[in-house]
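Take a look at the structure set out below.
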Amino acid sequence: MNFLLGMLISSASLGAYEPNWESLDQRENPQWFEDAKFGIFIHWGVYAVPAWGPKDRYSEWYWYDMENKDSQTWQFHVDTYGEDFQYQSFASMWKTDMFDPDHWADIFDRSGAKYVVLTSKHHEGFALWPSAESWNWNSVDIGPHRDLCGELIEAVRNRGLRMGFYYSLYEWFHPLYRSDIGRYVDQHMLPQLKDLVERYEPDIVWPDGEWEHPSSTWRSEEFLAWLFNESSAPEDVVINDRWGSETRNIHGGFATPEYGHIPEGKLIEENRWEECQGMGMSFGYNRNEHIDDYRSATELVHLLVDTVSRGGNLLLDIGPKADGRIPTIMEHLLLDIGAWLEINGDAIYGTTAGNFPAQEGLRFTRKGDMAYAISLEWPGEGFEITLPEDVEVGSVTLLGLDADVSFAQDGVTLQVETPVVSPADNLAHQAYVFALEP
């Protein structure tokens, strides 16, 4: 009996996962991901050339939408390029001549993000690396003539950040996908996905496009057992939940709500989730979005704070232009978030959900014995916090201000007297963090 128990423990310690969800779901999220809280999503592909969509659509769905001859996208396409212009012709127009991966990595680092997820292949099937399975439909064979995945992951890791890849399991118009899903998975999808892992050893594998088939059809359990047991990926590689039509919010490493549509599910209940949103409505760059369609830095900081206070990570998307530049408005917003995190990051990184009673205008996080009360607006001369019964406050400080804050605790009620500050104190103004020390 002791020998068998020892064998089981030994197998578990070696990460010998079996190709079934019962085994795979025993794997916990690596701590680095739980602590990171903030990542950058990047949607960049051939769709960056037309860079257009209705304001309620994702611009990266351009090819799919233009096939509908009653759509706004088709009308835009006809008016701009002519009805005989094929989507595939955009690939040779995608030059990325101003793409500077070191500059991108610098912006990501200064934003305070801890990891990056690049679309290696969207539903159009165009690969951003020299994929043999996408001959003449990848960024080395045509268009940029550059290994975009390889260049960026090297630059990002040189800045000390983690990086992984979004990968679409399905492709809208691939002949094999349309005619023989089994052959598509065996001969195209799995070899391509394994090549991506072996070539770049990503920290994150973030699939999408899973919804048309169950995980058994995609052979997801088989792939994940290979990823964890045999592949060259880091031991602490992270995966999401998009592995089959039945898996979201239930199986995998973390749930992936999108634009605030947070469903019920096991992973959500366990606080294993990551919210993904763009700065506007689209993930890919959309020329049809104007300044009023973008959220402000304050709104994005509030999104980060709210997400982390409920136990999630935020994966905030940028859509670079076809020439390789990050739109200036997106750089500004990222740097504003970074300036806020430089002062208030202790209340974000490495924290857990606050689990305080819900209170208007306040969000809460915890880290060990510390608790953080984050006020979404300047709280005036003073404010009141209702504490959980297990929180005793010994001191209060306002992050960014080198001074104690007066307070009084009466049971679960904490009265805080807001200190007098001036613009010279240079506090990040999007939200204000009060650290509650025991």
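Read the figures in this text as sums done on the coordinates, not as results from a lab. On a predicted model such as this, the values are computed, not experimentally measured, just so you know. Heads up, the Cβs are rebuilt from the backbone with ideal geometry, glycines too, and the neighbour counts pull from every protein chain shown.
Here is the P(r) of the range 202-292: all C-alpha pair distances, binned every 5 Å from 0, give 3, 13, 19, 20, 19, 12, 8, 4, 2, 0 in whole percents. The residues neighbouring Asn20, those whose beta-carbon lies less than 14 Å from its own, together hold a net charge of -4 under the Lys/Arg +1, Asp/Glu -1 convention.
Sequence-ordered 3J(HN,Hα) estimates for the range 104-115 from the Karplus curve with 6.51, -1.76 and 1.60 and θ = phi - 60° stand at 4, 4, 5, 5, 4, 4, 6, 6, x, 5, 10, 8 Hz, glycine and proline given as x. R0 = 51 Å: FRET efficiency of Arg183 with Glu299, Cβ-based, nearest 0.05? It comes out at approximately 0.65. Geometric descriptor of the range 122-236, per residue, is 97 Å³ (volume of the convex hull of the Cα atoms). Taking a Cβ cut-off of under 11 Å around Arg310, the surrounding Lys, Arg, Asp and Glu residues balance to a net charge of -1, with basic ones at +1 and acidic ones at -1. Going by the alpha-carbon gyration tensor, a ≥ b ≥ c the square roots of its eigenvalues, is the range 279-438 rounded (a/c under 1.5) or, if a/c is not under 1.5, prolate (a/b greater than b/c) versus oblate? Cα axes put the range 279-438 in the prolate bin. Taking a point 7 Å from the Cα of Glu389 along the Cα-to-Cβ direction, the residues of the range 401-438 with backbone N closer than 18 Å to it are 410-414.
Taking each pair of distinct Cα atoms in the range 23-62 once, what is the resulting Kirkwood hydrodynamic radius in Å? Let's see the in-between values first.
Values: mean 1/r = 0.0740 Å⁻¹.
With all distinct Cα pairs of the range 23-62 included, I get 13.5 Å.
Please give the length that would be gained between His261 and Ile291 if that part of the chain were fully extended, namely 0.36 nm times their separation in residues minus their C-alpha to C-alpha distance (nm, one decimal).
Values: separation 30, 0.36 × 30 = 10.80 nm, distance 2.42 nm.
Here the answer is 8.4 nm.
Round to the nearest 0.05 the FRET efficiency obtained for His103 and Asp410 when R0 = 41 Å and r is the Cβ-Cβ distance. The pair His103/Asp410 has a calculated efficiency of 0.20. When each of His302, His261, His145 is scored by the number of other beta-carbon atoms lying within 10 Å, the sequence from fewest to most is His261, His145, His302. Taking all Cα-Cα distances within the range 354-437, those exceeding 16 Å account for 47%.
Note on the chain: with a GNM built from Cα contacts shorter than 10 Å, the maximum mean-square fluctuation among Ala358, Ala233, Ala48 falls on Ala358.
FRET efficiency for the Glu342 to Ile142 pair, using the beta carbon distance and R₀ = 51 Å, is estimated at 0.80. Can you give the helix-only mean residue ellipticity at 222 nm for the chain, where every DSSP H stretch with n ≥ 4 adds -39500 (n - 2.57) and the sum goes over all residues, rounded to the nearest 500 deg cm²/dmol? Using -39500 (n - 2.57) per qualifying helix, the result is -8000 deg cm²/dmol. Taking a quarter of the surface of the Cα convex hull of the range 14-144 gives a mean projected area of 12.0 nm².
Under 5 Å between amide hydrogens, built in the peptide plane, is the criterion, and for Leu315 it picks out Gly39, Glu275, Cys276, Gln277 among residues at least 5 positions away or on other chains.
Inter-label distance, Ser232 to Asp79: 4.9 nm, where each label sits 7 Å from its Cα along the C-beta direction.
Quick check on the chain: take the gyration tensor over C-alpha atoms, sort the square-rooted eigenvalues as a ≥ b ≥ c, and tell me if it's rounded (a/c under 1.5), prolate or oblate. Don't skip to the answer; put the middle values down first.
On the way: a/c = 2.16, a/b = 1.36, b/c = 1.59.
Oblate, because a/c is 1.5 or more while a/b does not exceed b/c.
Fewest neighbouring Cβ atoms within 10 Å first, the residues Ser168, Ser23 line up as Ser23, Ser168. Computed from label points 7 Å out along Cα-Cβ, the spacing between Leu335 and Asp323 is 1.9 nm. Using the Cα gyration tensor of the range 53-94, with a ≥ b ≥ c the square roots of its eigenvalues, what is the shape: rounded (a/c below 1.5), prolate (a/b larger than b/c) or oblate (neither)? Oblate, since a/c reaches 1.5 and b/c is not below a/b.
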